[in-house]
């Protein structure tokens, strides 16, 4: 008998029935990044700017529609206030514009003028404080600006060097606001930067750099996400001239409590493009592009560790923009821009199987799963502890592991 355990992380490409489904209706550039929001009512909203045809929105309830027809509307952002009102901020030739919906994204009013002077560039990120105060950002040769207030009444430059890119804002349950971005400035050359912000949206304390020996430029997305337990999640990639790792750090009150390594190996070009999303049950998804596929792992331990990855193959080899919405049913809806269009696919969490000669245990991020094991014409089921006896299978038998709500896994009996 073999005593050594074999840990198997399932990597299952989605079947053709789960192909990527387009949501955009006009040709896009590879810089058009989708903004995502799961509303308090459970509706999925995705917004994007089309330089030629204006501002667009896709809703899981109503499909795709045009919000504004004026061309040269750039990258938008979506936030929802505690009142239920949804704010959409978008860059335009006139500066930042705001649109508002009070019926879960079905109807929109605006544009409303922004009070603070803003540039004509994209709105790169947005968040909302617990009291309902929105925040949004722009970047450029001036650095990174944070605007706070419904119409950006307060403005602070939180990074004064050229340049900071792809920033994300997040506010935890304790009203601690944070920002993360990629920098090629001399203070943080070719590194990721994390900063805390004060109650007015100004920088609070020195920024912290991430990246041991330089990192691949990132002008698409440096993800931050928060849960309902006081945690903030920060995704970043290390390595140069190609990335070597994708990591997720968990912060509480600005202090690192966990670091989890999500992916290693060969990354090509601008990969990994990264996204983080949290569902209503505080399960955290890490999503990234690698090897002509999009991969996703889910954590049920506040980012201390993650379950096995699942993967969805790509018809196009290149992902230029990536975003995700964590759904209440435990799945994640992933949105990509492949250089031509925005499309999406719902992905399932993976199963981790730890197999000995006598038994196998099936986990979802260390939580036991009741699963079915089939192989060689035999079938067994795990018990409530996730354990199944393997004595009915011959050594070397390929066993498939399935459970409702999960991507299947497989292993050979040791």
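Where a number appears in this text, it was derived from the coordinates with a stated rule and is not lab data. Because the structure is predicted, anything quoted here is derived from the model rather than measured. Backbone-built Cβ (ideal geometry, glycine too); neighbour counts: all protein chains shown.
Return a whole-number percent for the relative contact order of the range 354-412, with Cα pairs under 8 Å and 6 or more residues apart as the contact set.
After rounding, I find 31 percent.
Rounded to the nearest 5, what % of the DSSP beta bridges within the range 354-412 are antiparallel ones?
Rounded to the nearest five, the antiparallel share is 100 percent.
Please compute one quarter of the surface area of the Cα convex hull for the range 354-412 and express it in square nanometres.
3.6 nm²
Name the shape class, rounded, prolate or oblate, that the alpha-carbon gyration tensor gives for the chain, where a ≥ b ≥ c are the square roots of its eigenvalues, rounded holds for a/c under 1.5, and otherwise prolate holds if a/b is larger than b/c and oblate otherwise.
The shape class here is prolate.
Find the relative contact order for the chain and round it to a whole percent, using C-alpha pairs within less than 8 Å whose residues are 6+ positions apart.
Relative contact order here is 13 percent.
Just report the Cα centroid separation between the range 216-231 and the range 384-414, whole Å.
35 Å
What does the C-alpha gyration tensor say about the overall shape of the range 283-394? Classify as rounded when a/c is under 1.5, otherwise prolate if a/b is larger than b/c, or oblate.
Cα axes put the range 283-394 in the prolate bin.
With labels modelled as points extended 7 Å from the Cα through the Cβ direction, what inter-label distance (nm, one decimal) is found for residue 153 paired with residue 173?
2.9 nm
May I ask for the distance between the Cα centers of the range 238-305 and the range 29-62, given as a whole number of Å?
Cα centroid of the range 238-305 versus Cα centroid of the range 29-62: 23 Å apart.
In nm, to one decimal, how far is the residue 261 label point from the residue 187 one, both placed 7 Å along Cα→Cβ?
3.1 nm
How much length is gained on full extension from residue 213 to residue 400, taking 0.36 nm per residue of separation minus their Cα-Cα distance?
Length difference between fully extended and current span is 63.2 nm.
Rounded, prolate or oblate: which one fits the range 147-302, using the alpha carbon gyration tensor with axes a ≥ b ≥ c (rounded when a/c is under 1.5, else prolate when a/b beats b/c, else oblate)?
Judged from the Cα gyration tensor, the range 147-302 comes out oblate (a/c at least 1.5, b/c at or above a/b).
Out of 213, 59, 183, any idea which swings most in a Gaussian network model of the chain, alpha carbons joined below 10 Å?
213
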